[in-house]
1. Taking square-rooted eigenvalues a ≥ b ≥ c of the alpha carbon gyration tensor, is segment 3-54 rounded, prolate or oblate, where a/c under 1.5 means rounded and, failing that, a/b exceeding b/c means prolate?
2. If each of residue 108 and residue 158 carries a label point 7 Å out from its Cα toward its Cβ, how far apart are those two points in nm?
3. For a quick check: sort 101, 108, 24 by the number of other beta carbons within 10 angstrom, fewest at the front.
4. For 65, 55, what's the fewest-to-most ordering of other Cβ within 10 Å of each Cβ?
């Protein structure tokens with residue numbers, strides 16, 4: 001369906017490219033002018049199309065993985081809330097992983113070997129994966145969810161402490177690693 005047809009509900013009228021002889025001078029001039037403008041319009045449309053394509057293709061990367069590769073996984077915000085309940089989504093990890101590619105499904109989907117207890121489906125689009133070299137972790141593992149729907153974190157060390165006033169009460173804040 002063309003945009004014209006979607007807007008007006010019927011197909012656009014076809015303008016014939018053949019010139020009929022007419023007795024009206026203005027109509028003859030208009031036909032001659034229209035024939036001269038058609039290639040120019042087509043050329044301008046092609047230029048605009050190519051320019052838009054260049055800008056769109058700048059952000060496209062051709063990624064492919066083989067079975068046995070290691071990848072990082074990025075999750076969209078609604079998926080992160082399925083994995084772990086968080087109060088502030090600004091501070092979530094950008095990449096999770098490293099995970100092993102088990103199988104290629106089609107040309108753009110991959111099955112990952114995720115740890116047990118993960119509450120998400122193991123098949124991901126290639127755009128959600130980032131190549132990795134084994135042994136260079138940059139992010140955390142997927143957080144685990146307890147039966148009460150809260151994620152479990154065990155801090156390793158306390159880096160700093162401070163006391164703040166909130167609504168007339170003193171609260172202790174702890175910076176952990």
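None of the figures in this text is laboratory data; all of them are computed from the coordinates on show. Not measured: the values here are computed from a predicted model. Cβ placement follows ideal geometry from the backbone for every residue including glycine, while neighbour counts extend to all protein chains displayed.
1. Details: a/c = 3.68, a/b = 1.47, b/c = 2.51.
Here segment 3-54 falls in the oblate category.
2. 5.0
3. If I rank by nearby Cβ atoms, fewest first, I get 24, 108, 101.
4. Working: 65 15, 55 8.
Neighbour counts put them in this order, fewest first: 55, 65.
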